[in-house]
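Colleague: Submitted below is the structure of interest, expressed as structure tokens.
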Amino acid sequence: MPIWFGCPFFREYIMSAGMVSASKESVSHVLSNEGGGHASVIVIGGAEESLNAHPGSLTLNILKRKGFIKMALKHGAHLVPVFSFGENELFKQVANPKGSWLRNVQEKLQKIMGFALPLFHARGVFQYSFGLIPYRQPIHTVVGSPIPVKQNLNPTTEEIDQLHALYLQKLKKLFEEHKSNYGIPAHRSLIFE
């Protein structure tokens with residue numbers, strides 16, 4: 001998130017690890033390296049998706065997120081679908097259904113500050129009833145096959161929509177192929193919003 005790059009010392013720390021802002025300019029800079037060999041990893045759902053991150057939730061805020069597709073087309077960067085099973089099990093979140101007063105406040109603060117404030121809790125250091133340390137739950141990240149993308153400096157809306165649909169299809173396929181290995185019942189599926 002761009003806000004982290006405004007914090008002195010922390011900015012230097014994360015930049016020393018090779019991280020850059022998820023802004024269009026930063027991602028474009030990483031992908032335009034002449035020698036290649038650089039990858040850009042983006043958490044597409046971002047702040048909005050964090051408000052839906054309740055245990056057992058399989059909802060991804062991705063339907064309106066097409067900037068990463070346009071960037072991949074402009075730079076000819078392959079897209080790689082990735083899904084992490086168990087991420088939403090690390091913390092519990094105070095109930096905030098859409099339309100509730102809490103969710104409305106969270107969404108207004110998100111628009112003002114640029115990041116969401118989910119009210120979460122987990123376990124403590126010496127007890128399991130309350131704290132901010134994540135629950136001891138495994139996270140299994142599965143990586144799909146790369147989707148080759150031909151460079152197009154001026155992609156049309158149709159080309160962006162077509163590649164976006166292909167990405168969603170491959171992401172859903174990746175999830176369906178691996179969900180039984182990680183305790184997701186056969187009747188459950190990803191929900192794209």
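Colleague: Report the label-to-label distance for HIS78 and ILE42 in nanometres (one decimal), using points 7 Å from each Cα along the Cα→Cβ vector.
Modeller: The modelled label-to-label distance comes out at 1.9 nm.
Colleague: Using a basic spin-label model with each label point 7 Å from the Cα along Cα→Cβ, how many nm lie between ILE139 and GLN169?
Modeller: 3.0 nm
Colleague: Could I ask something else about it? Mind running the shape call on region 118-193? Use the C-alpha gyration tensor, a ≥ b ≥ c as the square roots of the eigenvalues: rounded below 1.5 for a/c, prolate if a/b tops b/c, oblate otherwise. Working shown, then result.
Modeller: Values: a/c = 2.99, a/b = 2.09, b/c = 1.43.
Note, shape of region 118-193 comes out prolate.
Colleague: Now for a separate question. Tell me what the chain gives for mean residue ellipticity at 222 nm when only DSSP H runs of n ≥ 4 count, each as -39,500 (n - 2.57), the sum divided by the residue total, rounded to 500 deg cm²/dmol.
Modeller: Working: 6 runs with 64 residues, N = 193.
Helix-only estimate at 222 nm: -10000 deg cm²/dmol.
Colleague: Could you check the simple spin-label distance between HIS121 and ILE147, using points 7 Å along Cα→Cβ, in nm with one decimal?
Modeller: Computed distance between label sites HIS121 and ILE147 equals 4.0 nm.
Colleague: OK, next. Of the beta bridges DSSP finds with both residues in the chain, what % are antiparallel, to the nearest 5? Present the calculation step by step, with values, prior to reporting the outcome.
Modeller: Numbers: 8 of 10 bridges.
About 80 percent, rounded to the nearest 5.
Colleague: Turning to a different aspect of this structure: Taking the solvent-accessible surface of protein heavy atoms with a 1.4 Å probe, what is the per residue accessible area of the chain in Å²? Please report the intermediate quantities before stating the final value.
Modeller: Working: 12480 Å² over 193 residues.
Value returned for the chain: 65 Å² of accessible area per residue.
Colleague: Right, something else. For Cα pairs less than 8 Å apart in space and 6+ apart in sequence, what is the mean separation divided by the residue count of the chain, i.e. the relative contact order in percent? Could the numbers behind the result be given before it?
Modeller: Numbers: 249 pairs, mean separation 48.2, N = 193.
Relative contact order of the chain: 25 percent.
Colleague: Then there's this: Would you mind checking the radius of gyration and Dmax of the chain based on alpha-carbon positions, in Å?
Modeller: Computed over the Cα atoms of the chain, radius of gyration and Dmax are 18.3, 56 Å.
Colleague: Please report how far the C-alpha centroid of region 46-75 lies from that of region 125-171, rounded to the nearest whole angstrom.
Modeller: Region 46-75 and region 125-171 have Cα centres separated by 7 Å.
The values are calculated or read from the model by the stated rules, or taken from the named source; none is laboratory data. Source: prediction; values computed, not measured. As a convention, Cβ positions derive from the backbone with ideal geometry for all residues, glycine included, and neighbour counts pool all protein chains shown. Surface accessibility is based on the protein's heavy atoms, side chains included, excluding ligands, DNA and RNA. Shrake-Rupley method; radii C 1.70, N 1.55, O 1.52, S 1.80 Å.
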